[in-house]
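Read through the structure below, which is laid out as structure tokens, and then see the notes.
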Amino acid sequence: MANELYIAPSILSADFTRLAEEVALVEAAGADFVHVDVMDGHFVPNLTIGPPVVRALKRIATRPLDVHLMVSDPDRTAQWYVEAGADVVTVHVEAATHLHRTVQAIRDGGVSPGVTLNPATPASAIAEIVPYVDLILVMSVNPGFGGQAFIESSVAKIAEIRRMCSERGVCPRIEVDGGIDPSTAPRVVAAGADTLVAGNAIFGHDDPASALAELRRSAQARMV
Ligand code: DX5
Ligand code: ZN
């Protein structure tokens, strides 16, 4: 029997003037998480939202908030998002100087820790932290913007990370973020991903609810 497939719509592509309605729409359509992209204009060349918006989302969301920190100083600021009501806080391996300490602090705050890596960062960079996280987020675009093209080498990296986890006897969720749509989703789940982030493919669609359902259908059959 296949494992469960989770869909995490990225609100980066939602209409920010109607955030509560957009979140409610994808939740009603079966979203498993609400993916929140925090960008600081320094680690990535874009600036999005911070703790006040996460706090507001927490008041209206019925699904867990999956907060992806694209910031230069997560060792210092991850705690802001723990306190703001995130359910998952994911930190870039390239940005954290004391990744293990930060991951532990997130968990001590009662929140699920995740680690993420950029397209040019090898899977080996996360080898030591794998047993300590609940989630590994594989970036399949260079972080910073929605609507970019999927980077093909991500498929092999997902498979490598899935093997790495099996060898260590751990089973964190493996999430993939960037350029996910019904054509790329089947390949990433076949490689071992179980959580799909999608921004443009859902919120860029005329009918986000049917886009979400279509994404799930495209991937479900290929779950490993
Ligand atoms: C990119 C963000 C993504 C982004 C994905 O830096 O981390 O979550 O919203 O958008 P799409 O699905 O449009 O590639
Ligand atoms: Zn993201």
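The values are calculated or read from the model by the stated rules, or taken from the named source; none is laboratory data. Small disclaimer: the values here were computed from a predicted structure and weren't measured. Glycine also receives a Cβ, built like all others from the backbone with ideal geometry; neighbour counts cover every protein chain displayed. Side chains are part of the model used for accessible areas, which takes the heavy atoms of the whole protein and leaves out ligands, DNA and RNA. Shrake-Rupley method; radii C 1.70, N 1.55, O 1.52, S 1.80 Å.
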Item to check | Value at 222 nm in deg cm²/dmol, rounded to 500, when DSSP H runs of n ≥ 4 in the chain each add -39,500 (n - 2.57) | outcome: -10500 deg cm²/dmol
Checklist outcome for this item: Net charge (Lys, Arg +1; Asp, Glu -1) of residues whose beta-carbon lies under 10 Å from that of residue 171, residue 171 excluded, is +1
Checklist outcome for this item: Counting only protein heavy atoms and rolling a 1.4 Å probe, one gets per residue an accessible area for region 22-167 in Å² of 41 Å²
Checklist outcome for this item: Once normalised by the length of region 6-220, the mean sequence separation of its alpha carbon contacts under 8 Å that are 6 or more apart gives a contact order in percent of 20 percent
Checklist outcome for this item: So the carbon and sulfur contribution to the accessible area of the chain, 1.4 Å probe, in percent, is 52 percent
Checklist entry - Using Cα pairs under 8 angstrom and six or more residues apart, how large is the relative contact order of region 1-69, in percent? => result 35 percent
